[in-house]
Amino acid sequence: MSNDKVKLKIDGVQIEASPGQTIIEAARDAGIYIPYLCWHPILKPYGACRMCVVQASNVPGLPASCHTAVADGQEVITSSPAIEEVRRDILALTLSEHPHGCLTCWRVEHCGPTDVCLRNVTVTDRCVVCPQNERCELQDVTYYIKLNEVPLPYKYRGLPLETRNPFIDHDMNLCIVCGKCVRACDELEGASAIAFEHRGERTIVASSLGGTLAESGCTFCGLCVDVCPVGAIVEKDNKWAGGADSMVTTTCSHCSIGCTLNLNVKKGKVVRSTFDVDGVTSHGQECARGKFGYKWIHSKDRLTTPWLKEGDQWRESSWEEATDAVARKLAGYRPEEIFLLASPKNTNEDNYVLQKLGRAALGTSNIDYVDRSCPPEALEGLEQAFGSSAATNRIWDVRDSRAVLVIDSDLTFEHPVGGLQVKEAVRRGAQLIVLDPRDTELGLQASERLVCKPGTEVAVLGGMMRVILDEGLHDQEFIRQRCELLEELESSLGQLSPQAVEGISGVSAAQITQAARLLAAHGPASILFGAGLHSQGSDLSAAVADLAMLTGNVGRPGAGVFPMRGENNSQGATDMGCTPGGLPGGATITSAGSWLPFRQAWGDKLPSQPGIGYRDMLLGVKEGRIKAMVLIGENQVLPDPQGELAEALSRLDYLVVHETFSGTLGDHADVLLPATSFAEREGSYTNLERRVQMVRPAIGPQGESRPAWQFLSEVARKMGASGFDYTAPSEIMDEIARLAPSYAGISYTRLEMGGIQWPCTGDDHAGSAMLHDPQFLRGRGRFLPVSWSPSEVGQDLMALANVSREIKGVLELGFENRVEISSADAQRIGIADGDKVSLTTAMGSIPATARVNGRASEGTVLVAMPQSVMITGMFQGSSPGVLAALAQARSYPVRIEKA
Ligand code: FES
């Protein structure tokens, strides 16, 4: 036994606990149940309900086990006549305000929702008609305590139901005022959208501003729903589904944080998504998309059977016929005429087999994927500087940073659980610096909010580095020991004095100076950035790497660099070699040392030169060099604000689409194949912190849908390729582990016990929570010159997607298209506050109301995006309109005219 464990006995059972744990936590870990109502493993102890009282040898009286720490040699008794008496008396008080006709009735198991109560026909508020029936903690506690009678009279509160909110319904007649929802909203989400209302016996939970949740700033993360022990706060959808038949723990498919979810299944249908307190990335935290964004799985519009196009006509086909047709047709193209579009939404196994099909069977390395907020090519600067473009640390550890710099990332919307770690760091006293042309929620909490013109972020970072060097604030010891070529960085900063950068970016020299001083003085510091707001090539990631090295914030807990990849498996798509020059596990085609093992494994067709990427493909199709494409995806929305992709697809000779929905891609496809969703298949994702996690099937495939690896393997076999005889995705992971040293110790057997962060170099290697410690993956960290050039956008106004913060969850509440514009631009165009305008892009025009309110910086307009629309993914399957294009691309040129 290790020395840092505490030994105690609970009900005579010897257990070990960690120092600082409470008795109820230690009991839970040991599988011993102590009743509770106000305690929750992810919340601070509250000590209000007293259901958890115990006897502890070192504490007088009956202490609350949720508030009492374990101690060495402690003996705990969880049940005795004295304990039961206290619990019964207090529970009776609680039940005097909660309908309890069923709770204390011995016949409850015989009753159904349509039965009339035979004990008392006036009893209508019954467990059997409560949405929380069978998953109610009050039921559990009452049955455990064996309370058969409530001596006090029950008083119905007579409160109206609140059903105006999207996603969530309230029935505060059922509330037991345990406060878990209020505490979760405040302690974890930091939204304080719900609060206690009134005092004394009238105390109840309500929205904090008295109206709807939306009006009180609710983010609809759903935490209040999941912590509510009774039926007072419940999901609106599938409200009456009752307890689940099964619950499958899996990984969320929305963003790159990779939260752990429990999909609740009833009669073959996912009816609910609940958070998992043991999830190693999210630790029980969640967001609106993970909680409510799963309904598309059961959409009637899902592709459920293969389709083949003959002339202009579509007809259904079998998989046999479809894969025959694809294999035959692809065999007719030269390798350089084929392009493979991988998917950051799909599993590692799908993407691995796609690139292997290209390289080993078709002989092409024309492969890429699209990440709308942080494309792989934007991270080349980070790769060159550190030897890896992946995040250096665990996202959870951001809460330990003393300073956090967030660049071009509306974190609390795009990666909400990542945003929660930043908020927690701020709560703990960290300095927050936000550099973004948009108005973001984190900007409101920042010590320094740097609102720059889009495309000038690199110049601002250069200005900050100039201040740090000029004032001698850089970490000289770190640089001397671990880095090289500082002089290249220094010489590139000559033109970037804070005063010069003020003229370029619109951020004042004083703010640039102050931000630089804050970052340099408060280590460890984390830098989180999205690279897709405006085209800056890989210069932004290079500047971020420089700044991190300059301040010594690499290879240190609570520090590091985090590219905020847009999709759930963007990191995995890179890891699997789905880039023109990449190979699985970070190997490259241009390095003979890493290329040769793949050549030996896959054969002679493997190209020795990189292929072309996504942007070159668009041009290649236009010029007739690319003729055929295979595209895989899972409810993937490809950004196409200028219509270039649609045009390229329409010109292709042959397009194979494997997707969950036909969407707009289907208009151009020759073969449409139904894909399984994340809820229907087994596989793995790699999140932004390099953690490989299991995706598990909760339900069967919809219709005849199949995972991409299965159909791609069949096509490869039909083309005569060997090495595609997989019968399960675990075999694909085993092959990845054999070929990619950073995945060498990863297998499904190990992943079943929890995610593993690569590099994981063998079966006995635990994985790597932090990169570049004690040295960079490339040896010494390489400073790169700051490369800044004026925006390519020229005179166009840039429209920036800006999640609507005043009216969240608004589609149901009435949404107004609103365009915020700077006073300088408004004056130039001749627009006044409140004018009706038209907003025109390459995708068309929409009417909107202009707001001249000082939030948009010159050269930009902020277009309010309804959050609920983005959560529910309503754009899927519809023609991309102006708002849809903006939501997908986050920024693009726009014209505004008075209507
Ligand atoms: Fe301990 Fe409520 S669970 S007092």
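For the reader, a short list of remarks on this structure follows.
- Residue match in region 345-365 (condition: on the phi > 0 side of the Ramachandran plot and not in a helix (DSSP H, G or I)): yes
- Counting the residues of region 85-100 that are more than 14 Å from the ligand (Cβ to nearest atom) and either part of a strand (DSSP E or B) or not charged (D, E, K, R) (or both) gives 6.
- Residue among Gly243, Gly258 that is farther than 16 Å from Phe167 by Cβ, in contact (Cβ under 8 Å) with a residue 40 or more places away in the chain and surrounded by fewer than 24 Cβ atoms within 10 Å (Cβ to Cβ): Gly243
- Matching option when the condition is touching a helix residue (DSSP H, G or I) at 6+ places or on another chain (Cβ under 9 Å), under 17 Å from Leu652 (Cβ atoms) and in a loop (DSSP other than H, G, I, E, B), among Val370, Val326: Val370
- Some residue of region 303-318 being modelled with pLDDT of 90 or more and among the small types (Gly, Ala, Ser): yes
- Ala26 vs. criteria more than 11 Å from the ligand (Cβ to nearest atom), buried (at least 17 other Cβ atoms within 10 Å of the Cβ) and part of a helix (DSSP H, G or I): yes
- For Trp788, the test of being within 30 Å of Ser492 (Cβ to Cβ), at pLDDT 60 or above and surrounded by 18 or more Cβ atoms within 10 Å (Cβ to Cβ) is passed.
- Verdict on Ala573 being farther than 30 Å from Leu486 by Cβ, in a helix (DSSP H, G or I) and either of a type outside the set (A, V, I, L, M) or at pLDDT 95 or above (or both): yes
- Candidates Val398, Val404, filtered to the one that is part of a strand (DSSP E or B) and touching a strand residue (DSSP E or B) at 6+ places or on another chain (Cβ under 7 Å): Val404
- Unique match (being within 23 Å of the chain's Cα centre (by Cα) and assigned to a loop (DSSP other than H, G, I, E, B)) among Cys224, Cys218: Cys218
For every residue, the table says whether it meets (1) in contact (Cβ under 8 Å) with a residue 40 or more places away in the chain; (2) surrounded by fewer than 24 Cβ atoms within 10 Å (Cβ to Cβ); (3) in a helix (DSSP H, G or I); (4) not hydroxyl-bearing (Ser, Thr, Tyr).
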| residue | (1), (2), (3), (4) |
| --- | --- |
| Ser684 | yes, no, no, no |
| Leu688 | yes, no, no, yes |
| Ile699 | yes, yes, no, yes |
| Glu704 | yes, yes, no, yes |
| Gln710 | no, yes, yes, yes |
| Val715 | yes, no, yes, yes |
| Ala721 | yes, yes, no, yes |
| Asp734 | no, yes, yes, yes |
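- Ala82 falls short of the stated requirement of being surrounded by 19 or more Cβ atoms within 10 Å (Cβ to Cβ), more than 9 Å from the ligand (Cβ to nearest atom) and assigned to a helix (DSSP H, G or I).
- Selection count, region 35-79, where residues are within 19 Å of Thr142 (Cβ to Cβ) and either of a type outside the set (A, V, I, L, M, F, W, C) or more than 8 Å from the ligand (Cβ to nearest atom) (or both): 8
- Check on Gly643, modelled with pLDDT under 90, surrounded by fewer than 20 Cβ atoms within 10 Å (Cβ to Cβ) and over 29 Å from the mean Cα position of the chain (by Cα): no
- Hey, Ala587 among the small types (Gly, Ala, Ser), crowded, with 19+ Cβ neighbours inside 10 Å and farther than 27 Å from Asp734 by Cβ or not: no
- Scan of region 261-278 for residues that are without any contact (Cβ under 8 Å) to a residue 24 or more places away in the chain and assigned to a loop (DSSP other than H, G, I, E, B), ordered by number: Lys267, Asp278
- Some residue of region 370-379 being more than 23 Å from the chain's Cα centre (by Cα), of a type in the set (Val, Ile, Thr) and crowded, with 22+ Cβ neighbours inside 10 Å: no
- Residues satisfying the stated conditions in region 441-479, i.e. in a loop (DSSP other than H, G, I, E, B), farther than 16 Å from Leu550 by Cβ and in contact (Cβ under 8 Å) with a residue 60 or more places away in the chain: Ser447, Val451, Cys452, Lys453, Pro454, Gly455, Thr456
- Flag if Ala361 is surrounded by fewer than 24 Cβ atoms within 10 Å (Cβ to Cβ) and either within 21 Å of Ser722 (Cα to Cα) or of a type in the set (Phe, Trp, Tyr) (or both): no
- Selection count where residues are within 14 Å of the ligand (Cβ to nearest atom) and touching an Asp or Glu at 6+ places or on another chain (Cβ under 7 Å), scope region 1-23: 0
- Residues that are modelled with pLDDT under 75, among the hydrophobic types (A, V, I, L, M, F, W, C) and touching a strand residue (DSSP E or B) at 6+ places or on another chain (Cβ under 8 Å) within region 830-866 comprise Ala842, Ala864, Met865, listed in sequence order.
- Just so you know, in region 391-414 the residues that are more than 24 Å from Pro759 (Cα to Cα) and within 16 Å of the chain's Cα centre (by Cα) include one that is surrounded by the most Cβ atoms within 10 Å (Cβ to Cβ), and it is Ser409.
The values are calculated or read from the model by the stated rules, or taken from the named source; none is laboratory data. Predicted, not measured: the structure shown is a model, and the values here were computed from it. For neighbour counting, all protein chains shown are included, and Cβ atoms are generated from backbone atoms with ideal geometry for every residue, glycine included.
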